[in-house]
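Right, one structure below, let's go through it.
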């Protein structure tokens, strides 16, 4: 059922959408995901450090552009202060790994093949980015692509202020 809901949300938004904002502090879900190195993790593993979680897929043109144009340089600028986690969603593993190689991103990368974490975070559209504070609370959500400056501004406003 969650796959159907996720599929409908992704089709309806066609790889884009408007910015959204979480109303009040909500704890990040504890849904497990698998890092590309094979280890299992949860968002709770990042407590103590703010984290930017970005859902992406090789089939989403906005996601592909955003990885190298926004997330890679933002991580290079702010990676000492904020963790970055890229979560590949409903994608072919080979295509995801190829995109990782092509973009050269160096932050934590994981898989959410059935979209469980995406649904638990109430994702709508792709790419979908969630800003989580060091206490593990969802501070802000953004639906749609970001430029490097937009991403840096959101990190500074919501996680580093």
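Per the conditions (1) surrounded by 22 or more Cβ atoms within 10 Å (Cβ to Cβ); (2) touching a residue at least 40 places away in the same chain (Cβ under 8 Å); (3) in a strand (DSSP E or B), the sole criterion not satisfied by residue 140 is (1).
Residue under question is residue 148, and the condition is that it be surrounded by fewer than 21 Cβ atoms within 10 Å (Cβ to Cβ) and modelled with pLDDT of 95 or more; does it hold? Taking the combined requirement at face value, the residue satisfies it. Out of the stretch 107-120, which residues are touching a helix residue (DSSP H, G or I) at 6+ places or on another chain (Cβ under 7 Å) and closer than 25 Å to residue 149 by Cα? Correct list: 107, 109, 118. Residues of the stretch 73-96 that are over 18 Å from residue 134 (Cα atoms), in a helix (DSSP H, G or I) and out of contact with any helix residue (DSSP H, G or I) (no Cβ under 6 Å at 6 or more places or on another chain): 76, 77, 93, 94, 95, 96.
Taking the stretch 143-161 as the range and being assigned to a loop (DSSP other than H, G, I, E, B) and in contact (Cβ under 8 Å) with a residue 60 or more places away in the chain as the test, the residues that pass are 144, 145, 146, 147, 159, 160.
Has the stretch 46-57 got any residue that is part of a helix (DSSP H, G or I), modelled with pLDDT of 95 or more and more than 17 Å from residue 124 (Cα to Cα)?
Of all residues in the stretch 46-57, those part of a helix (DSSP H, G or I) come to 46.
Next, from what is left, pick out any that are modelled with pLDDT of 95 or more: 46.
In the following step, the residues that additionally are more than 17 Å from residue 124 (Cα to Cα) were identified as 46.
Yes, there is a match, as at least one residue in the stretch 46-57 is part of a helix (DSSP H, G or I), modelled with pLDDT of 95 or more and more than 17 Å from residue 124 (Cα to Cα).
Within the stretch 100-137, the set of residues being more than 12 Å from residue 55 (Cβ to Cβ), touching a strand residue (DSSP E or B) at 6+ places or on another chain (Cβ under 7 Å), assigned to a loop (DSSP other than H, G, I, E, B) and modelled with pLDDT of 95 or more comprises 133, 136.
The values are calculated or read from the model by the stated rules, or taken from the named source; none is laboratory data. Keep in mind that what you see is a predicted model, and the values were worked out from it rather than measured. Counting neighbours? That spans all protein chains shown, and the Cβs are built from the backbone with ideal geometry, glycine included.
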